[in-house]
Amino acid sequence: MPAGVVELASYYGNGATGSTPVLRANMVSSADGAASLEGRSGGLSGPADRMVFTVLRSLADLILVGAGTVRAERYRPVRAAEIWGGLRPADAPVPAIAVVSGRLELDPGSALLTGAAPGAQTIVITTGTAPPERRNAIARHARVIEAGTDRLDLAAAVSALHGLGYASILTEGGPALLGHLADADLIDELCLTTSPVLAGGSASRITTCVSPHSERLSLAHVLYDDGFLFSRYQRHRE
């Protein structure tokens, strides 16, 4: 494993799991606050950002993502060749992916649901009132977790994921999911890449909260590469 990867990982934690559950967000923003460029966050990325992306995935037990982001970014299961195995326990499977979808507007035959590696089955989090036919189709390949009856209860969802042994959860958004997690007071860390791009347009910020939400964070570090800034913020819980 390259020395640069080991050094980068040292800034973001010492391993994939820990005794204290944690939910970490990884997002990218343009210099003027846009969360995407031409509809996708990948347009704001660069080589160093992609390296941070792979390191954070390597340190996570599970990746939590919204259904809209799954569709826009064409999510697939994590493959062993896409992460740094040396940052994980020797017997740990690749990170599983959990998709939040109240209406279950997902393709039940997609690679994300059908192609996960052994031990890393995709999880779909939904409500008790989700369409039964969609739920049954998705449950043929993915594990379905019910969190809330009419509305998604993200606190219950995250608690259920921790209960399944996923101590280190990484969310990659999108902005709607991140906003709901913020509203529910569930985000422990924010890892934010600031891209040296003026995006303009009407793209959303990295969070779209249901209600005004303000919380002061502590800056753990700022790294720099080729015009990009990589900031890690932490919150303090009483």
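Taking residues in region 205-224 that are at pLDDT below 90 and exposed (fewer than 10 other Cβ atoms within 10 Å of the Cβ), and partners anywhere that are in a loop (DSSP other than H, G, I, E, B) and among the aromatic types (Phe, Trp, Tyr), not one pair has Cβ atoms closer than 8 Å while being at least 6 places apart or on different chains. Residues considered: Ser211, Ser195. Of these, the only one that is among the hydroxyl-bearing types (Ser, Thr, Tyr) and closer than 21 Å to Met51 by Cβ is Ser195.
Scanning region 66-96 for residues that are hydrophobic (A, V, I, L, M, F, W, C) and open to solvent by 30 Å² or more (accessible area, probe 1.4 Å) yields a total of 6.
Residue check: is Pro108 in contact (Cβ under 8 Å) with a residue 40 or more places away in the chain and not hydrophobic (A, V, I, L, M, F, W, C)? Write out each step before concluding.
Values: in contact (Cβ under 8 Å) with a residue 40 or more places away in the chain: no; not hydrophobic (A, V, I, L, M, F, W, C): yes.
The answer is no for Pro108.
Give the residue, chosen from Gly42, Gly4, Gly68, Gly33, that is over 17 Å from the mean Cα position of the chain (by Cα) and either under 20 Å from Ile125 (Cβ atoms) or assigned to a helix (DSSP H, G or I) (or both). Among Gly42, Gly4, Gly68, Gly33, only Gly4 is over 17 Å from the mean Cα position of the chain (by Cα) and either under 20 Å from Ile125 (Cβ atoms) or assigned to a helix (DSSP H, G or I) (or both).
Residues in region 113-129 that are without any contact (Cβ under 8 Å) to a residue 40 or more places away in the chain and either surrounded by fewer than 20 Cβ atoms within 10 Å (Cβ to Cβ) or touching a Pro at 6+ places or on another chain (Cβ under 7 Å) (or both): Thr114, Gly115, Ala116, Pro118, Gly119, Gln121, Thr127, Gly128, Thr129.
Taking region 158-188 as the range and being in contact with a Gly (Cβ under 8 Å, 6 or more places away or on another chain) and open to solvent by less than 30 Å² (accessible area, probe 1.4 Å) as the test, the residues that pass are Ala167, Ser168, Gly173, Gly174, Leu177.
Restricting region 16-31 to residues that are open to solvent by 30 Å² or more (accessible area, probe 1.4 Å) and modelled with pLDDT under 95 leaves a set whose member that is farthest from Gly68 (Cα to Cα) is Ser19. Counting only residues that are in a helix (DSSP H, G or I), among the aliphatic types (A, V, I, L, M) and free of Cβ contacts under 8 Å to residues at least 60 places away in the same chain, which one in region 71-82 is farthest from His162 (Cα to Cα)? Filtering first and then ranking leaves Ala81.
The values are calculated or read from the model by the stated rules, or taken from the named source; none is laboratory data. Just so it is clear, the structure is predicted and the values come from calculations on it, not from any experiment. Here Cβ is always computed from backbone atoms with ideal geometry, including for glycine, and neighbour counts include all displayed protein chains. Just so you know, the surface numbers come from the protein's heavy atoms only, side chains and all, with ligands and any DNA or RNA stripped out. Shrake-Rupley method; radii C 1.70, N 1.55, O 1.52, S 1.80 Å.
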